Structures are given as structure tokens and as C-alpha cells.
Ligand code: SF4
Ligand code: SF4
């Protein structure tokens, strides 16, 4: 098997990923209880997850790479499918 073959969804778990999807812009579309200190306003007045200078979501635990507000995470994060097309694309970008 070629070593540079794209990974398939069956290979994917969050345990083998450096939280690649937690560098995306995340809109807070519904009220899920996200603490305001982790949010900011975009230029259209929408609420988004605050991202630090290096792009990571402010709610990400940098030691464990796990979400610190998992039970309150935004809808966008809830609906992001592990092993889905967006997930695979983010992992590809992070792997370079
Ligand atoms: S959902 Fe996908 S991109 Fe996000 S942490 Fe899990 S494996 Fe990584
Ligand atoms: S809220 Fe949690 S799951 Fe969503 S991007 Fe931030 S750290 Fe990741």
C-alpha cells in the first residue's frame, strides 16, 4: 500500500488527531451555554468562538487537545462529523 494514500474514514479517530477542526471559525448559531469569555463578535455582529493568535479555539485545552466546554459546545461543533469530508480535509491540512 502506498504510504501517501489518503486516509479513509475508518482510520479516523479524534485520538489520532491534534484537534484539527478546532482551528476553524465557529459561529455560535444557537444558545448552548458557551461561556462568553470564550466568544467574540465577528465583523457582522455574529458571535463566534474566540481564536487565539495561533488559530486555536480559546476553549481548547492545550495540554490534552480536548474541548474544555464539551457539554456546552456550539451546534457547529456538535454537528461536525468525525470521519466526514470536512474532518478528513482538516486532518489533511494539518498533516501538511
Ligand atoms: S472530528 Fe476530525 S478533525 Fe476534529 S478532532 Fe476529531 S478527527 Fe480531528
Ligand atoms: S468549542 Fe470545543 S469543539 Fe468547538 S472548536 Fe472550540 S474547542 Fe473545538
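What follows draws every value from the coordinates through simple rules; no lab data is involved. As the structure is a prediction and not an experimental result, all values here were calculated from the model. FYI the Cβ positions are ideal-geometry reconstructions off the backbone, even for glycines, and counts take in every protein chain you see.
Take the Cα of residue 54, go 7 Å toward its beta carbon, and the backbone nitrogen atoms of region 65-96 under 18 Å from that spot belong to 65-68, 91, 93-96.
Peptides 58-64, 12-18, 22-28 ranked from most to least packed by the mean count of surrounding Cβ atoms within 10 Å: 22-28, 58-64, 12-18. Kirkwood-type hydrodynamic radius, the chain: 14.3 Å, calculated from all non-identical alpha-carbon pairs. To the nearest ten degrees, helix 85-95 and the longest principal axis of the Cα atoms of the chain are 80 degrees apart.
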